[in-house]
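Participant: Got a structure for you, written out below as structure tokens; questions coming shortly.
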């Protein structure tokens, strides 16, 4: 993607985009949240706004990149240990897929887990419904209940979701988008929705060489940059803002002190952005913090799960120790 350093600010007309449940152009809660983040001393946005319809498709493309090791490494763990996972978790249960995306990861486990009900949850309603429509043709024997929910707030599963033998599936190290204290709070909510015999199957990205991490989030052909920059287009729609994507650059790096990858959008020149509820001047080089991805050791994440009310039963890793899949059971109240 070519960006013009000295292009003038222009007003960008809002473009059509599918919106998560509860988020629509002009929605005051959304406008208030985004405005508070953009006007903070260090501007930031929630990573959930990366995932409009185009953002979800760009993330699919990221998962195919050679630099982006998490997807293929986790897939290899499932391929190698899937049968063992099924023995430990059991079959004919309720599989609840958090941040399901295109549902491909869960679908790869269907032959082993044989879920009676599959409940994919994602913030992008249209993208999710398209994926579930394709899955229903392939697996007509499985009851499917897609839910368009924003998992960054409080959530409770509806009565249409079977209460027996619930397994929450959270692959791809998406838990890393939460700061550790927020991850505990989120997983406690999952624990509350587990029921008496529920559990969790979760993917965790492990600490490794920083060069590997940096390249995974700043690929050579710029797909991750396009994914990050697309959020400005989404904000133009949600806020009626005038972000000019060409005036911003993607920045990603591993922050060793915080044990996290950080993604930012950096102003290429001094500029002012205006929207319905406000405006902000950005100096050249000033950034909007768009996403974090925390990395753990197996022991540190097991401790986090314990604090959230889970007891780790099994841990499966790749030979290099880059990634882990953990199975944990909900502890008794």
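Participant: Against the condition within 18 Å of the chain's Cα centre (by Cα), closer than 23 Å to residue 165 by Cα and not in a helix (DSSP H, G or I), how does residue 201 come out, does it pass? Spell out how you get there, then give the answer.
Facilitator: On the way: within 18 Å of the chain's Cα centre (by Cα): yes; closer than 23 Å to residue 165 by Cα: yes; not in a helix (DSSP H, G or I): yes.
For residue 201, the condition - within 18 Å of the chain's Cα centre (by Cα), closer than 23 Å to residue 165 by Cα and not in a helix (DSSP H, G or I) - is met.
Participant: Going by the conditions given, is residue 77 on the phi < 0 side of the Ramachandran plot and more than 16 Å from the chain's Cα centre (by Cα)?
Facilitator: On the way: on the phi < 0 side of the Ramachandran plot: yes; more than 16 Å from the chain's Cα centre (by Cα): yes.
Considered against the rule, which asks whether it is on the phi < 0 side of the Ramachandran plot and more than 16 Å from the chain's Cα centre (by Cα), residue 77 comes out as yes.
Participant: Only one of these is in contact with a strand residue (DSSP E or B) (Cβ under 8 Å, 6 or more places away or on another chain), more than 30 Å from residue 32 (Cα to Cα) and buried (at least 16 other Cβ atoms within 10 Å of the Cβ): 241, 252, 328, 267. Name it. It would help to see each step written out before you state the result.
Facilitator: Numbers: 241 fails: more than 30 Å from residue 32 (Cα to Cα); 252 fails: more than 30 Å from residue 32 (Cα to Cα); 267 fails: more than 30 Å from residue 32 (Cα to Cα).
Of the residues listed, the single one that is in contact with a strand residue (DSSP E or B) (Cβ under 8 Å, 6 or more places away or on another chain), more than 30 Å from residue 32 (Cα to Cα) and buried (at least 16 other Cβ atoms within 10 Å of the Cβ) is 328.
Participant: Has the range 222-240 got any residue that is within 22 Å of residue 29 (Cβ to Cβ) and in a strand (DSSP E or B)?
Facilitator: Going residue by residue through the range 222-240, those that are within 22 Å of residue 29 (Cβ to Cβ) are 231-240.
Those left that are additionally in a strand (DSSP E or B): none.
So far as the range 222-240 goes, no, none of its residues is within 22 Å of residue 29 (Cβ to Cβ) and in a strand (DSSP E or B).
Participant: For the range 190-200, which residues satisfy the criterion of being over 21 Å from residue 152 (Cβ atoms) and touching a helix residue (DSSP H, G or I) at 6+ places or on another chain (Cβ under 7 Å)?
Facilitator: The first filter runs over the range 190-200 and keeps only residues over 21 Å from residue 152 (Cβ atoms), leaving 195-199.
Within the range 190-200, just 199 meets the criteria.
Yes/no per residue for (1) at pLDDT 90 or above; (2) in a loop (DSSP other than H, G, I, E, B):
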| position | (1), (2) |
| --- | --- |
| 18 | no, yes |
| 34 | yes, no |
| 64 | yes, yes |
| 80 | yes, no |
| 108 | yes, no |
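Participant: Still on this structure, please answer the following. Considering (1) out of contact with any helix residue (DSSP H, G or I) (no Cβ under 6 Å at 6 or more places or on another chain); (2) closer than 17 Å to residue 51 by Cα; (3) at pLDDT 95 or above, say which one residue 97 fails and leave the rest.
Facilitator: Against the list (1) out of contact with any helix residue (DSSP H, G or I) (no Cβ under 6 Å at 6 or more places or on another chain); (2) closer than 17 Å to residue 51 by Cα; (3) at pLDDT 95 or above, residue 97 comes up short only on (1).
Participant: Right, something else. (1) buried (at least 20 other Cβ atoms within 10 Å of the Cβ); (2) part of a helix (DSSP H, G or I): which one isn't true of residue 181, the others all being true?
Facilitator: With respect to (1) buried (at least 20 other Cβ atoms within 10 Å of the Cβ); (2) part of a helix (DSSP H, G or I), residue 181 is out only on (1).
The values are calculated or read from the model by the stated rules, or taken from the named source; none is laboratory data. Not measured: the values here are computed from a predicted model. Please note: Cβ atoms are built from the backbone with ideal geometry, for glycine as well, and neighbour counts cover all protein chains shown.
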